[in-house]
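One structure is given here, and the rest of the page talks about it.
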Amino acid sequence: MKKYLLDTNICIFYLKGRFQLADKIEAVYLSNCFISEITIAELKFCAENSDKIEQNRLVVHELQNKIQIVPIIGALDLYAKEKARLRRAGTPLDDFDLLIGTTAIANGLIMVTHDTNHFKRLQGIKLEDWTKAR
């Protein structure tokens, strides 16, 4: 069975009830979906930077408790290699995006993101965009 790493933008769309993502996650089973520690950090920032801080803190906490979180430690060597390669090529990625993408690669997960053009620069990444009709 396929396993997926949900990018931060997918989590935000899911929490906002957009693109029928709840149905898509249910179709592949929540147990096959993961998020990076970095995504949790980004979602916590979004909550703190919002107009409804307490409400959004709770939403992030609930998501954090129902989906498996993948640590980044296993991706750090790949992160360093990809960061150096992309910098030499003149096509760097933001550190958080690079950490999320290399976490997907290092753990054999398909990365689900709305930013497929952004992440396709990473060698060996498998991408899907669940915001597009299938």
Per the filter on the stretch 22-45, residues touching a strand residue (DSSP E or B) at 6+ places or on another chain (Cβ under 9 Å), under 14 Å from residue 128 (Cβ atoms) and hydrophobic (A, V, I, L, M, F, W, C) are 25, 28, 33, 34
Return only the number of the condition from (1) part of a helix (DSSP H, G or I); (2) surrounded by 12 or more Cβ atoms within 10 Å (Cβ to Cβ) that residue 93 does not satisfy. (1)
Could you check the stretch 1-36 and list, in sequence order, the residues that are polar (S, T, N, Q), without any contact (Cβ under 8 Å) to a residue 40 or more places away in the chain and part of a helix (DSSP H, G or I)? 31, 32
Has the stretch 56-69 got at least one residue that is farther than 12 Å from residue 6 by Cβ and in contact with a Phe, Trp or Tyr (Cβ under 8 Å, 6 or more places away or on another chain)? no
Being modelled with pLDDT of 95 or more and of a type in the set (A, V, I, L, M) is the filter; apply it to the stretch 1-14 and report the residue that is nearest to residue 130 (Cα to Cα). 10
Residues being within 10 Å of the chain's Cα centre (by Cα) and among the β-branched types (Val, Ile, Thr) - total across the stretch 83-109: 2
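The values are calculated or read from the model by the stated rules, or taken from the named source; none is laboratory data. Keep in mind the model is a prediction, meaning the values are calculated, not measured. Glycine gets a Cβ as well: all are built from the backbone with ideal geometry, and neighbour counts include every protein chain shown.
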